[in-house]
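Each remark here refers to the structure printed beneath this line.
The values are calculated or read from the model by the stated rules, or taken from the named source; none is laboratory data. Not measured: the values here are computed from a predicted model. Please note: Cβ atoms are built from the backbone with ideal geometry, for glycine as well, and neighbour counts cover all protein chains shown. The area values use the complete protein model at the heavy-atom level, side chains included, leaving out ligands, DNA and RNA. Shrake-Rupley method; radii C 1.70, N 1.55, O 1.52, S 1.80 Å.
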Amino acid sequence: MSTATTQAPQRRSVTGAASNYIDQRTSLSTFVHALGRKAFPDHWSFLLGEIALFSFVVILITGTFLTFFFQASMAEVEYEGSYVPLKGVEMSVAMASTLDISFDIRGGLFVRQMHHWAALLFVAAIGLHMLRVFFTGAFRKPRELNWVIGFVMFILAMGEGFTGYSLPDDLLSGNGLRIIDGMIKGFPLIGTWTSFLLFGGEFPGTAIVGRLYTLHILILPVILLALIAIHLLFVVVHKHTHYAAPGRTQQNAVGPPILPVYAAKAGGFFFIVFGVLALIASLFTINPIWNYGPYDPSPVSAGTQPDWYIGFADGALRLVPPGWEFVLFERTWSLNILVPVVVLGLFILTVLIYPFIEAWVTGDKREHHIADRPRNAPTRTAIGAAGVTFYAVLWAAASSDLIATHFMLTMEGVIHTLQALLILGPIVAYFVTKRVCIALQKKDREIVLHGYESGRIVKLPGGEFIEVHQPLDEYERWRLVSYESYQPLMLRPNDRGKITVGQRLRAGMSRWFFEDRITPVTKGELEASHHTSHH
Amino acid sequence: MTRSKRRTGRRHPLATAALLALGLVFTGGAYAAFSTTTAQAEPSPTSQETIEEGKKLFQANCATCHGLDAQGTSEGPSLIGVGAASVDFQVGTGRMPMQMQGPQAQVKPPQFTDEQVKQLAYYVGSLGPGPDIPADSLVNGGGDAANGAELFRINCAMCHNVAGAGGALTEGKYAPPLTDVSGVHIYEAMVTGPQNMPVFNDLNITPEDKRDIITYLQYVQDNRSPGGFELGSLGPVAEGLFIWIFGLGAIVAITVWITAKSN
């Protein structure tokens, strides 16, 4: 206080006074001081998560606007709005109010389209962010839990998307709900009960839109917000990862501090994301419910698809061969539903716990703050490529009918090809990716040891031709040699002199991961190569 | 023109252009009136001349597959009793004469003039009773678009897609997009069931209901989406591809720019 009074005559700016006022009452400066000095490494791939965060903010803003006008009721009304081809048609209040938002409320269609486009971008950005984190190994200790939180948010985002897609009660959303209803009813014993519980009676009932609305605007967003807070807190606690470069270690984070540079950039970036979404929303139609019309269980349109992020599940259902069901104990067992659900469940579970699997295989308990280059973890990169291929095939399968019409193919041909690709694609992708990674590592090794090929051929006095190799500068070399190389774990008996099954499994996995490997160039090797090249 | 003369005593600078435009409108209008009257005058469904001309065209262009008297061969079905509407649709949309055997005949630019199509249609129509070319009042819209939209969703959308964007069928067959089809061809398709399409006869969907369906499709053709570009009216697949390639693509390009500046 005394210092404040002595300093006051020197600088009496309004902002200074205001910030003093606030700080004396909130002690905000400690927080700003701590956070503002945080370094945030600079790389484009570190902004992918921010795209997701900012599109979520856009979703919240536009969604709030929509709640002012949307009525989550399935009571029947006759549409009296201004869209001619639906005039006088019976529909639910939910559908009618969505049409009103689209045609009769100023700016309503723009906001609705922005909300939907932002939702698509939100999930897409999460997906890309997750791929970045996976392929650079940024999920390793201490960030395993943040990976799990992030992945749970990805699932919740899909839930948010699907509940939102179902709210307008148009034909497309009703068809989507019918598929969910069918999947639930496909579960033995509990299926029918669960469906009746969810829909408050036989599908479609009159309750589902109201229930989904509560999930969509209250429960899921609250959980998402809480998880986002924890996710970001963990980023601060753990520090951000950075890519290998001189001065960057496993103990520090190198980059501009959050205040002022990074905060300004991120703030500006928010407005860029907002602007891009506004531009898209103003130029491109999304989910034209006026074409789809009100939900009626009898019609199903050709080309009925879910939004892209549910596509992989739709594709899984489409790829099941016919006849996968049998009758036992007077019940039909629908393997055509159970198999895809189990396969996708295992896929999702594997992605969720992958950090723990890899930590167990490597047995590495150290912290990792330097992100891997994908080539330097060939097996992980190959597993990731296989997973991406698997997902991509399922995703493509969801649009099998459009692939058939647009490329003039037969529907059956597309489906059978994708069925084969679902099994073979990931295997091929695994081996190709692994070999490509190892080849790239070999190239790096060559470059470190012998420098770049300059393309300059020199004839020596003795008549010998050699190509001059340009040596690497130290900074570049550091980037190429500073990575971890693991060796397969040795199988050793424990203190009782036994080798357990778990250990065997672990050793086997470790061998699978690290048997083929290229070790980074050591100092000795480097000196030896310099030695020979001097001669 | 006269006004500008009175005011300045000279011709208005735009007078020449106006005169030219007027002349063009007159000649064009007269030509259009002349050509439509000739087109209307020529093929009369009952005149023997029309049928004779149609027969000649048929024997020269269609008989290889359908037989000299349209009785059908191993290559193509009999056309006795298919009606004038069927021929008007198949030939008028360019599907016949067929370019090649395949899962279904494909749309291509029509091979005959309007007049020739009508001659062919009335010739085949004269061979046996069948659906006739519909009256103009049924195919020029003016019906209840809301009723038509509902009927379209219930009867047509499962193959042709709710927005008439088309869809896939089995074995390489498909329901074509309806975004660019004339009212008369839509009507004829409903009554004759071309390719893999079922027949919607007048007991199934009355002529007035057919008119409503056409009214709805014409509404969709004439009124583009209020939300902006439609991305082919293909629904979530097109939207998903768009956001990944253009939405996320643009923003990732911007992230590269943001981080590159500081380096």
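Looking at the structure I just gave you, is B:Asn204 in a loop (DSSP other than H, G, I, E, B), surrounded by fewer than 21 Cβ atoms within 10 Å (Cβ to Cβ) and touching a Phe, Trp or Tyr at 6+ places or on another chain (Cβ under 9 Å)?
On the way: in a loop (DSSP other than H, G, I, E, B): yes; surrounded by fewer than 21 Cβ atoms within 10 Å (Cβ to Cβ): yes; touching a Phe, Trp or Tyr at 6+ places or on another chain (Cβ under 9 Å): no.
In short, no.
Provide a single number: the residues in segment A:121-139 that are within 13 Å of A:Asp307 (Cβ to Cβ) and either over 12 Å from the mean Cα position of the chain (by Cα) or among the β-branched types (Val, Ile, Thr) (or both).
The number of residues fulfilling the criteria is 1.
Suppose the filter is more than 22 Å from the chain's Cα centre (by Cα) and modelled with pLDDT of 95 or more; does A:Phe110 pass it?
Working: more than 22 Å from the chain's Cα centre (by Cα): yes; modelled with pLDDT of 95 or more: yes.
It is true that A:Phe110 is more than 22 Å from the chain's Cα centre (by Cα) and modelled with pLDDT of 95 or more.
Any residue that is over 20 Å from B:Met190 (Cβ atoms), at pLDDT below 90 and more than 17 Å from the chain's Cα centre (by Cα) - is there at least one of those in segment B:81-92?
Within segment B:81-92, the subset over 20 Å from B:Met190 (Cβ atoms) is none.
No, segment B:81-92 contains no residue that is over 20 Å from B:Met190 (Cβ atoms), at pLDDT below 90 and more than 17 Å from the chain's Cα centre (by Cα).
Kindly indicate whether any position in segment A:393-401 is within 14 Å of chain B (Cβ to nearest Cβ), open to solvent by 60 Å² or more (accessible area, probe 1.4 Å) and in a helix (DSSP H, G or I).
Residues of segment A:393-401 that are within 14 Å of chain B (Cβ to nearest Cβ), as a first pass: A:394-401.
Keeping just the survivors that are open to solvent by 60 Å² or more (accessible area, probe 1.4 Å) gives A:395.
Checking the rest, the ones that are also in a helix (DSSP H, G or I) come to A:395.
For segment A:393-401, residues within 14 Å of chain B (Cβ to nearest Cβ), open to solvent by 60 Å² or more (accessible area, probe 1.4 Å) and in a helix (DSSP H, G or I): present.
Just one of the numbered conditions (1) away from chain B (no Cβ under 14 Å); (2) in a loop (DSSP other than H, G, I, E, B) is not true of A:Gly387; which one?
Only one criterion is unmet by A:Gly387, namely (2).
Consider A:Ala39 carefully, then state whether it is surrounded by 12 or more Cβ atoms within 10 Å (Cβ to Cβ) and modelled with pLDDT of 90 or more. Reasoning before the result, please.
Details: surrounded by 12 or more Cβ atoms within 10 Å (Cβ to Cβ): yes; modelled with pLDDT of 90 or more: no.
Taking the combined requirement at face value, the residue does not satisfy it.
A quick yes/no check of all residues on (1) out of contact with any His (no Cβ under 9 Å at 6 or more places or on another chain); (2) surrounded by fewer than 23 Cβ atoms within 10 Å (Cβ to Cβ); (3) in contact (Cβ under 8 Å) with a residue 12 or more places away in the chain:
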{"residue": "A:Val89", "(1), (2), (3)": "yes, yes, yes"}
{"residue": "A:Gln113", "(1), (2), (3)": "yes, no, yes"}
{"residue": "A:Gly127", "(1), (2), (3)": "yes, yes, yes"}
{"residue": "A:Arg132", "(1), (2), (3)": "yes, yes, yes"}
{"residue": "A:Glu160", "(1), (2), (3)": "no, no, yes"}
{"residue": "A:Ser166", "(1), (2), (3)": "no, no, yes"}
{"residue": "A:Asp169", "(1), (2), (3)": "yes, no, yes"}
{"residue": "A:Arg178", "(1), (2), (3)": "yes, yes, yes"}
{"residue": "A:Gly182", "(1), (2), (3)": "yes, yes, yes"}
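Looking at (1) crowded, with 22+ Cβ neighbours inside 10 Å; (2) more than 7 Å from chain B (Cβ to nearest Cβ); (3) among the polar types (S, T, N, Q), which is the one condition that is false for A:Ser334?
Going through (1) crowded, with 22+ Cβ neighbours inside 10 Å; (2) more than 7 Å from chain B (Cβ to nearest Cβ); (3) among the polar types (S, T, N, Q) one by one, A:Ser334 breaks only (1).
Tell me, which helices (runs of 4 or more DSSP H) wholly within segment B:142-201 include 3 or more residues that are more than 7 Å from every other protein chain (Cβ to nearest Cβ)? Spell out how you get there, then give the answer.
On the way: elements: B:145-155, B:157-160, B:183-192.
Result: B:145-155, B:183-192.
Yes/no per residue for (1) β-branched (Val, Ile, Thr); (2) in a loop (DSSP other than H, G, I, E, B); (3) touching a residue at least 12 places away in the same chain (Cβ under 8 Å); (4) at the interface with chain A (Cβ under 9 Å from one of its Cβ atoms):
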| residue | (1), (2), (3), (4) |
| --- | --- |
| B:Arg211 | no, no, yes, no |
| B:Ile214 | yes, no, yes, no |
| B:Val220 | yes, no, yes, yes |
| B:Gly227 | no, yes, no, yes |
| B:Glu239 | no, no, no, yes |
| B:Ile245 | yes, no, no, no |
| B:Val252 | yes, no, no, yes |
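For segment A:485-502, how many residues meet the condition of being crowded, with 16+ Cβ neighbours inside 10 Å and either part of a helix (DSSP H, G or I) or among the charged types (D, E, K, R) (or both)? Working first, answer last.
Initial filter on segment A:485-502 (crowded, with 16+ Cβ neighbours inside 10 Å): A:486, A:488-489.
Checking the rest, the ones that are also either part of a helix (DSSP H, G or I) or among the charged types (D, E, K, R) (or both) come to none.
Result for segment A:485-502: 0.
What residue, among those in segment B:151-182 that are out of contact with any Leu (no Cβ under 8 Å at 6 or more places or on another chain) and within 22 Å of B:Pro110 (Cα to Cα), is least open to solvent (accessible area, probe 1.4 Å)?
B:Pro176
Would you pick out the residues in segment A:261-287 that are within 7 Å of chain B (Cβ to nearest Cβ), farther than 30 Å from A:Ala39 by Cβ, out of contact with any strand residue (DSSP E or B) (no Cβ under 9 Å at 6 or more places or on another chain) and buried (at least 21 other Cβ atoms within 10 Å of the Cβ)?
A:Ile280, A:Ile286
Can you confirm whether segment A:289-305 contains a residue that is at pLDDT below 95, within 8 Å of another protein chain (Cβ to nearest Cβ) and within 21 Å of the chain's Cα centre (by Cα)?
Yes, segment A:289-305 contains a residue that is at pLDDT below 95, within 8 Å of another protein chain (Cβ to nearest Cβ) and within 21 Å of the chain's Cα centre (by Cα).
Could you give every pair whose Cβ atoms fall below 6 Å, whose first residue belongs to segment A:306-323 and is within 12 Å of chain B (Cβ to nearest Cβ), and whose second residue is assigned to a helix (DSSP H, G or I) and acidic (Asp, Glu), counting only separations of at least 6 or pairs across chains?
A:Pro306/A:Asp314
Any residue at all in segment A:509-519 that is in a loop (DSSP other than H, G, I, E, B) and of a type in the set (Val, Ile, Thr)?
We begin by selecting, within segment A:509-519, every residue in a loop (DSSP other than H, G, I, E, B); these are A:515-519.
Narrowing further to those that are of a type in the set (Val, Ile, Thr): A:518-519.
Looking for residues that are in a loop (DSSP other than H, G, I, E, B) and of a type in the set (Val, Ile, Thr), one finds at least one in segment A:509-519, hence yes.
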